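The values are calculated or read from the model by the stated rules, or taken from the named source; none is laboratory data. This structure is a prediction, so every number in the text was calculated from the model and none was measured. Cβ atoms come from the backbone with ideal geometry, glycine included; neighbour counts cover every protein chain shown.
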Amino acid sequence: MHRLRTCVARLRPITASQTAKNLSQQRPAATLRTFQPFRCYTAPVAAEPFLNGTSSNYVEEMYYAWLENPKSVHKSWDIFFRNANAGAPPGTAYQSPPPMGVSLAGLTQAQSLVGAQPNVEKLVEDHLAVQSLIRAYQIRGHHVAQLDPLGIMDADLDSCVPTDIITSSDKLGFYGLEESDLDKVFRLPTTTFIGGNESALPLREIIRRLEMAYCQHIGVEFMFINDLDQCQWIRQKFERPGVMQFSLEEKRTLLARMVRSTRFEEFLQRKWSSEKRFGLEGCESLIPALKTIIDKSSDKGVDTVIMGMPHRGRLNVLANVIRKELEQIFCQFDSKLEAADEGTGDVKYHLGMYHRRINRVTDRNITLSLMANPSHLEAVNPVVQGKTKAEQFYCGDNEGNRVMSILLHGDAAFAGQGIVYETFHLSDLPSYTTHGTHKHTQTNPCIGFTTDPRMARSSPYPTDVARVVNAPIFHVNADDPEAVVYVCNVAAEWRATFHKDVVVDLVCYRRNGHNEMDEPMFTQPLMYKQIKKQKGVLQKYAEKLIAEGAVSRQEYEEEISKYDKICEEAHARSKDEKILHIKHWLDSPWPGFFTLEGQPKSMSCPSTGLPEEELSHIGQVASSVPVEDFTIHGGLSRILKGRAEMIKNRTVDWALGEYMAFGSLLKEGTHVRLSGQDVERGTFSHRHHVLHDQNVDKRTCIPMNHVSPNQAPYTVCNSSLSEYGVLGFELGFAMASPNALVLWEAQFGDFHNTAQCIIDQFICPGQAKWVRQNGIVLLLPHGMEGMGPEHSSARPERFLQMCNDDPDFNPLIVFTPKSLLRHPEAKSNFDQMLPGTHFQRVIPDDGLVTQNPSEVKRIVFCTGKVYYELTRERKARNMDDSVAITRIEQLSPFPFDLVKAETEKYPNADLVWCQEEHKNQGYYDYVKPRMRTTINRAKPVWYAGREPASAPATGNKNTHLLELKRFLDTAFNLDAFKDHV
């Protein structure tokens, strides 16, 4: 009714001369055209479609059609709108059409207002009111759903009932309805399925069915989705009468899973009561929830599931979902267990697992992988997505029909950590989509450690971030296992049908504190008083099934005894485990890459040189447009001509060298994936791996995919403006296979600092913590160019501090150039790339100093861009024969052997380390002790560089140049070292 009244209130008198102008202002022409085919709309009461459920937009359509041409609508609509425009009050605007043959123009205004039929108009308004009521439940019914198992807190943090939800007969007045209308029969709109096979229901029954669909133990958020078919699909799943019914077998299976979930935690508590395990008590229905999703997805064709989760409930998931051997879990609690494998290891509730087994429900093979994750709860999200994308890529699963991901979250972390949002925004990007992810949240109402949810988020639900990608959100009371299983079935079907993200919000509680040793009564006394009274969900569900006759008490107790026996036997076997083999906990094994002892089969690096004809061929591809009728930018034509000229002269710059490295790997069948912000063109407009047709939108060409007929595919993709999320994604992608080159490039090297969590928690310590190998390569533009603190330093000191100098296991971090991309001297000759050549860990000085090395007074060791500034300064000072400049290209593992050879080559020279970074940054603190270890004589390693500073660089160009001049003076002036050690 209110919507109709709103429409009528908006009808203001409009003169004929204003009509065309107002039409263009009020409604876009494209929208108006959609109404033109409907030349004669039916009467407001006689119209069957109107009474059969079209929305109040129908009235608006009539009105705009009438404004355009009064004859295009039924005469009764014409009278209705004329009267409303004339100021007729609600309830009097409608009247029956004039008799046949009577001209509408012959009726006076007074005549048109006479004979109005309020009862007929009320019928129209009442039907519209019922439609509005149904829509209100669909939009806001979840706000009054019974979601909290404890019954003490509203899941949406608001105890107010929306005014348009009918909770008592006195609220009928909101819709202009009365209690006497409760038994009236109303036609149901096509936007609801509460009628089942019935097209009309009494109002009382309509309200009851809406309450059953939207206000019980399931709350559904979906009306924000802008796709009608998807909304209709969800309505069918929750509105149809009797949809949530389970067979006897399904109930017994659910009970057995609840027994395993519950008794596992109770067994651990009995055996290791003083150990932290971050148990699942209060959310035991998570296990049947996950198993239901996996069962349904397996039935739909999925054969690989990759999961990520925080530590709460991880051991239970490992035991009862992944099906890791219980003895392997139990032996982790033995404090005397020794580590057999290299590495520091991690706590048991951070470890992952990879397992291929038969799914007993579908009798199909399924591979389950639970990714290791530190206490940075949501950090694993993009890693899981990247690994999922890689698995899909390698098996040709372009639609996500075979490989899918599941992510679990805590409610406080879901709302509070930005990586959740970053990961959501990758979900529909072509190079990052995994075609739908099941996301779960465990809302322990609702505490993050000790923080009340009212202090932890500003949104009603922790899941509101998911609305940004139109993911439906299913809130469910975790103490109703059947509701949980039903919702998870729907979620799995949604993902299989639409290949889009879906969120299941398990509203539960945490029976213990943050961990088993924590005292929650300090901060949530009233909640935990209620929790102590709360009957366990297993007990409640068992009693329900026993009362129904689905199982007997004896069968229930036998199920418990059977699982308890399994746990006891596994516990006995676990005592035989004296050594921890971390390889049993690998989440991403690389078959065929390792020996039986767990070591890589070969870490030797053969020559990476290429025949000259191959170099020339790749160079020609890099300098051409291998597509016909393709128009490129004029400036790009000059760049390609410049590349062709370099090939002719047998030289390459950085961009062309990168092209040759990638192209040769692709030709050999190695997949290359380059990802990051603006990597297609390159931040400094040097790369141009994707060409854009200047005349045709979205027409592009990637020359690198035209290197060879049978080459591997090259994936180069501009990412969203995210570092944390995208680097995590690429880390996960690289985790799937050792036989690929996966690179992430920062727009500027310093920008990796917003992805520091991935570097600190996964890249650098991954081998030590989880024996998890990874081939990710980081390209970080670095160099002090006078561009300010945020565009200078890739913070090499941070990476060097985390490296362990193991020559076999180290991440590849490349500090790439900026100004050197176009420096005339920063080029290489083909001769340095032919067969038999290798990467040079150290590049010795091959100039005049080699003619009489005993006369050389100083060796300046350096790395990066500063080399070219040093050589320029040396030449200006005429010191080419007295100062050697040696470049260390590989900093970690440190090239002790080659540095030693250089120092022995110049026996009388002083040793200087020169860097353009500040003294407390860069490489000095890392290099100095290693150089001192290398030399056999007690000589100091002098420092030449910028003074210590808190910021990476100055923002003042003049100060930058003064600093440069000062440290170059120091590098070539021996007396300057006397006061510095």
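Exactly one residue out of GLU378, GLU399 is surrounded by 24 or more Cβ atoms within 10 Å (Cβ to Cβ), within 22 Å of SER720 (Cα to Cα) and not aliphatic (A, V, I, L, M), and it is GLU378. For segment 260-307, taking the residues that are at pLDDT 95 or above and among the small types (Gly, Ala, Ser), the one that is nearest to ASP501 (Cα to Cα) is identified as SER297.
In segment 926-952, which residue that is exposed (fewer than 13 other Cβ atoms within 10 Å of the Cβ) and over 25 Å from GLU790 (Cβ atoms) is modelled with the highest pLDDT? Applying the filter and picking the extreme gives PRO929.
Residues of segment 671-712 that are in contact with a Phe, Trp or Tyr (Cβ under 6 Å, 6 or more places away or on another chain) and in a loop (DSSP other than H, G, I, E, B): ASP693 alone.
Within segment 644-659, is there a residue that is under 31 Å from the mean Cα position of the chain (by Cα) and surrounded by fewer than 18 Cβ atoms within 10 Å (Cβ to Cβ)?
First, the residues of segment 644-659 that are under 31 Å from the mean Cα position of the chain (by Cα): 655, 658-659.
Next cut, surrounded by fewer than 18 Cβ atoms within 10 Å (Cβ to Cβ) only: none.
No, there is no match, as no residue in segment 644-659 is under 31 Å from the mean Cα position of the chain (by Cα) and surrounded by fewer than 18 Cβ atoms within 10 Å (Cβ to Cβ).
Within segment 463-481, residues that are on the phi > 0 side of the Ramachandran plot and in a helix (DSSP H, G or I) have Cβ atoms under 9 Å from residues that are surrounded by 24 or more Cβ atoms within 10 Å (Cβ to Cβ) and not small (Gly, Ala, Ser) in no pair, counting only partners at least 6 apart in sequence or on another chain.
GLY410 meets all of the listed conditions (1) of a type outside the set (Asp, Glu); (2) surrounded by fewer than 24 Cβ atoms within 10 Å (Cβ to Cβ); (3) closer than 28 Å to PRO765 by Cβ; (4) at pLDDT below 95 but one, namely (2). I'm checking my understanding of the structure. Among residues of segment 141-198 that are of a type in the set (Asp, Glu) and not in a loop (DSSP other than H, G, I, E, B), which one is surrounded by the most Cβ atoms within 10 Å (Cβ to Cβ)? Of everything passing the filter in segment 141-198, ASP181 is surrounded by the most Cβ atoms within 10 Å (Cβ to Cβ). If MET521 satisfies every condition in (1) crowded, with 18+ Cβ neighbours inside 10 Å; (2) aliphatic (A, V, I, L, M); (3) farther than 24 Å from GLN216 by Cβ but one, which is the exception? So MET521 meets the others, but not (1). Across segment 853-896, the number of residues qualifying as free of Cβ contacts under 8 Å to residues at least 60 places away in the same chain, part of a strand (DSSP E or B) and charged (D, E, K, R) comes to 1. The listed residues are MET802, MET833, and the only one of them that is among the aliphatic types (A, V, I, L, M) and touching a Cys at 6+ places or on another chain (Cβ under 6 Å) turns out to be MET802.
Determine whether segment 897-918 contains at least one residue that is among the polar types (S, T, N, Q), assigned to a strand (DSSP E or B) and within 41 Å of the chain's Cα centre (by Cα). So far as segment 897-918 goes, yes, one or more of its residues are among the polar types (S, T, N, Q), assigned to a strand (DSSP E or B) and within 41 Å of the chain's Cα centre (by Cα).
Of the conditions (1) surrounded by fewer than 22 Cβ atoms within 10 Å (Cβ to Cβ); (2) under 17 Å from the mean Cα position of the chain (by Cα); (3) under 19 Å from ILE419 (Cβ atoms), GLY725 clears all except one; give me its number. The one condition GLY725 does not meet is (1). Candidates in segment 953-975 are the residues that are touching a Gly at 6+ places or on another chain (Cβ under 6 Å) and assigned to a helix (DSSP H, G or I); of these, the one that is surrounded by the fewest Cβ atoms within 10 Å (Cβ to Cβ) is LYS957.
Quick one: is GLU266 exposed (fewer than 15 other Cβ atoms within 10 Å of the Cβ) and over 29 Å from TYR461 (Cβ atoms)? If you could, list the steps in order and put the result at the bottom.
On the way: exposed (fewer than 15 other Cβ atoms within 10 Å of the Cβ): no; over 29 Å from TYR461 (Cβ atoms): yes.
So GLU266 does not fit the description; no.
The number of residues in segment 819-848 that are in contact with a Lys or Arg (Cβ under 8 Å, 6 or more places away or on another chain) and either on the phi > 0 side of the Ramachandran plot or in a loop (DSSP other than H, G, I, E, B) (or both) comes to 1.
Within segment 450-462, take every residue that is part of a loop (DSSP other than H, G, I, E, B) and hydroxyl-bearing (Ser, Thr, Tyr) and give me the one that is modelled with the highest pLDDT. Step through it out loud before you land on a result.
Taking segment 450-462 and keeping what is part of a loop (DSSP other than H, G, I, E, B), we get 450, 452, 456-461.
Remaining after also requiring hydroxyl-bearing (Ser, Thr, Tyr): 450, 458-459, 461.
Values: THR450: 77, SER458: 86, SER459: 88, TYR461: 92.
Among them, the one singled out is TYR461.
Just give me the residues in segment 238-294 being in a helix (DSSP H, G or I) and more than 21 Å from ALA483 (Cβ to Cβ), in sequence order.
Taking segment 238-294 and keeping what is in a helix (DSSP H, G or I), we get 238-239, 248-271, 286-294.
Hits for segment 238-294 are ARG263, PHE264, GLU265, GLU266, PHE267, LEU268, GLN269, ARG270, LYS271.
Any residue at all in segment 908-924 that is more than 20 Å from LEU848 (Cα to Cα) and either hydroxyl-bearing (Ser, Thr, Tyr) or loosely packed, with under 13 Cβ neighbours inside 10 Å (or both)? So far as segment 908-924 goes, yes, one or more of its residues are more than 20 Å from LEU848 (Cα to Cα) and either hydroxyl-bearing (Ser, Thr, Tyr) or loosely packed, with under 13 Cβ neighbours inside 10 Å (or both).
Only residues that are basic (Lys, Arg), part of a helix (DSSP H, G or I) and in contact (Cβ under 8 Å) with a residue 60 or more places away in the chain: list them for segment 511-566, please. Step through it out loud before you land on a result.
Applying the first criterion (basic (Lys, Arg)) to segment 511-566 yields 511, 529, 532-533, 535, 540, 544, 553, 562, 565.
Within this subset, residues satisfying the condition of being part of a helix (DSSP H, G or I) are 529, 532-533, 540, 544, 553, 562, 565.
Passing the criteria: only LYS540.
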